[in-house]
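The values are calculated or read from the model by the stated rules, or taken from the named source; none is laboratory data. Predicted, not measured: the structure shown is a model, and the values here were computed from it. Every residue, glycine among them, receives a Cβ derived from its backbone with ideal geometry; neighbour counts consider all protein chains shown.
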Amino acid sequence: MEALLVAARIDDTRRWYTISDPAPVVVCFIRDPSATGPTVRFRPGGAEVPLGPTGTGLQITWGASLDLRGAKPGPYVIEVTEHVAGHEVLVATKEILVSEPEYVVWTLDFEGDASSDQAMANTGDIADEQKIPMTIMWNPRAWTTTQVSAERADAMLAWTKTRVAKGDELSLHLHMWSDFVRAAGLVPRTAPNWAGRGDGYDVPITAYPENDQRALIEYSLGLMAEHGLARPTTFRAGGQFANDATLRTLAALGFVADASAVPAGAFGRLPYPWTLASDAQPYRPSATDASKPGDLPLLEAPTIGGNTYAFDVRTIQPIIRADLGYLSPAGEVATTRRAITIVSHPGTIDATERAALIALFNAFAPLRYDLDNGPLRFVTLAQLAQAWR
């Protein structure tokens, strides 16, 4: 008996696809299409892939995964074909947009001082309401100072563990507080500094030689393990100051990403050690020049998306415009892979900064991949390192 065509419909819940990821296709049939050998492909240029049954249920669904690697960004058509009497018959089509991926990483720096319950609650609420993963950069100085009570340190730790259990990333952030450096068994330095504070907070890690930097990072990892935190694999140095010694140390200790880099400029009284452009993109740094590409086995993710500290809904507008300017316009495919890293602090997000952050994140909504509006994904720093391989 000759096979008969089976009516088909391609699931239309997604229009946007990105080149870096497999493109799953689900096709609904009115009856079992086994006899017609259905296949799927994307045009122009895509190879034909057999469809296979995806499970049982009220609907008969078959699926396949299309490999978009090698495709150029732009519009495509997914085609479903069946084979009857030696002929290929087109039975369903779907228009899609294929884009390079774009990413936003939201990093949250604990500074080593006390964070209030309200500020941490605001931080978590933003992440939950906006459906954005956080990279929480823990600062172990909270355990080495009398300026943070044991009760407050415990509350900050409990909040962090709760967030990590919900899927947020645990990272590491260090400032060179004098009491922290002393607790690590080193002699603290008070110069150079970017603000003239005198407590070490504003002394860059680059003021310390490479062996001391390693000792401070290893001491931090030990403190975190003692308090039940997993070993982090990503890092940011205080004030965004880091150098080739910092990156060599991180790579040697198994870190996969650093987010210390910023565009060239100055912070307070100190020039940054970075020579990057304002729109600098992630790169594998050189072992001898932190600002240049090289062969270190970690990703440098420049923080080009701004620091939200002390902004309100009005004053954050220039940051919003700048961040959107790094990305493809709404409704257009991205022709190059892009990433933005943003920094905030879970100890400073009051009602005013919370409103500013919501305005910033709302501005990304017309580009978001999870809303099928565009190619933009919110990811953690470790996820960015994985995606950027």
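Counting the residues of region 17-43 that are surrounded by 20 or more Cβ atoms within 10 Å (Cβ to Cβ) and either under 29 Å from the mean Cα position of the chain (by Cα) or more than 20 Å from G86 (Cβ to Cβ) (or both) gives 8. The lone criterion from (1) farther than 17 Å from T246 by Cα; (2) in contact with a strand residue (DSSP E or B) (Cβ under 9 Å, 6 or more places away or on another chain); (3) surrounded by 14 or more Cβ atoms within 10 Å (Cβ to Cβ) left unmet by Q317 is number (2).
Restricting A290, A280, A322, A385 to those that are part of a helix (DSSP H, G or I) and within 30 Å of T249 (Cα to Cα) reduces the list to A385.
Only one residue in A92, A47 is modelled with pLDDT under 90 and either more than 30 Å from M134 (Cα to Cα) or crowded, with 17+ Cβ neighbours inside 10 Å (or both), so which one is that? None of the others qualify; the one that does is A47.
Scanning region 268-300 for residues that are touching a helix residue (DSSP H, G or I) at 6+ places or on another chain (Cβ under 9 Å), acidic (D, E) and either surrounded by fewer than 19 Cβ atoms within 10 Å (Cβ to Cβ) or modelled with pLDDT under 95 (or both) yields D279, D289.
Evaluate region 207-214: report whether one residue or more is surrounded by 17 or more Cβ atoms within 10 Å (Cβ to Cβ), of a type in the set (K, R) and under 25 Å from T249 (Cβ atoms). Yes, that holds for at least one residue. Residue check: L97 meets all listed conditions (1) modelled with pLDDT under 95; (2) in a strand (DSSP E or B) but one, namely (1). The set of residues from region 146-172 being surrounded by fewer than 19 Cβ atoms within 10 Å (Cβ to Cβ), of a type in the set (S, T, Y) and not in a helix (DSSP H, G or I) comprises T146, S149.
When you go through T107, T81 one by one, which is the residue that is of a type in the set (S, T, N, Q), touching a helix residue (DSSP H, G or I) at 6+ places or on another chain (Cβ under 7 Å) and crowded, with 19+ Cβ neighbours inside 10 Å? Explain how you work it out, then say what you get.
Details: T81 fails: touching a helix residue (DSSP H, G or I) at 6+ places or on another chain (Cβ under 7 Å).
The match here is T107.
Test R314 against the stated conditions and say whether it is part of a loop (DSSP other than H, G, I, E, B), more than 17 Å from the chain's Cα centre (by Cα) and not aliphatic (A, V, I, L, M). For R314, the condition - part of a loop (DSSP other than H, G, I, E, B), more than 17 Å from the chain's Cα centre (by Cα) and not aliphatic (A, V, I, L, M) - is met. Restricting A85, A64 to residues that are in contact (Cβ under 8 Å) with a residue 12 or more places away in the chain and farther than 22 Å from Y369 by Cβ narrows the list to A85.
Within the group T303, T335, which residue is touching a residue at least 24 places away in the same chain (Cβ under 8 Å), crowded, with 18+ Cβ neighbours inside 10 Å and either outside the structural domain of D109 (by TED's automatic domain parsing) or out of contact with any Phe, Trp or Tyr (no Cβ under 9 Å at 6 or more places or on another chain) (or both)? Explain how you work it out, then say what you get.
Details: T335 fails: crowded, with 18+ Cβ neighbours inside 10 Å.
The conditions single out T303.
Check T336, T348 and return the single one that is modelled with pLDDT of 95 or more, within 30 Å of K161 (Cβ to Cβ), among the hydroxyl-bearing types (S, T, Y) and in a loop (DSSP other than H, G, I, E, B).
Working: T336 fails: within 30 Å of K161 (Cβ to Cβ).
Exactly one residue qualifies, and that residue is T348.
The set of residues from region 135-145 being among the aromatic types (F, W, Y) and crowded, with 24+ Cβ neighbours inside 10 Å comprises just one member, W138.
Within region 111-127, is there a residue that is out of contact with any Leu (no Cβ under 7 Å at 6 or more places or on another chain), surrounded by 13 or more Cβ atoms within 10 Å (Cβ to Cβ) and part of a strand (DSSP E or B)? Steps first, answer last, please.
Start the filter on region 111-127 by keeping residues that are out of contact with any Leu (no Cβ under 7 Å at 6 or more places or on another chain), which leaves 111-122, 124-125, 127.
Now drop any that are not surrounded by 13 or more Cβ atoms within 10 Å (Cβ to Cβ), which leaves 111-116, 119-122, 124-125, 127.
Checking the rest, the ones that are also part of a strand (DSSP E or B) come to none.
The answer is no, given that none of the residues of region 111-127 is out of contact with any Leu (no Cβ under 7 Å at 6 or more places or on another chain), surrounded by 13 or more Cβ atoms within 10 Å (Cβ to Cβ) and part of a strand (DSSP E or B).
Given the condition out of contact with any helix residue (DSSP H, G or I) (no Cβ under 8 Å at 6 or more places or on another chain) and closer than 13 Å to A7 by Cα, answer yes or no: does some residue in region 38-47 qualify? Taking every residue of region 38-47 in turn, at least one turns out to be out of contact with any helix residue (DSSP H, G or I) (no Cβ under 8 Å at 6 or more places or on another chain) and closer than 13 Å to A7 by Cα. Among the residues making up region 50-78, those that are surrounded by 11 or more Cβ atoms within 10 Å (Cβ to Cβ) and either basic (K, R) or more than 30 Å from T335 (Cβ to Cβ) (or both) are L51, P53, T54, Q59, I60, T61, W62, K72.
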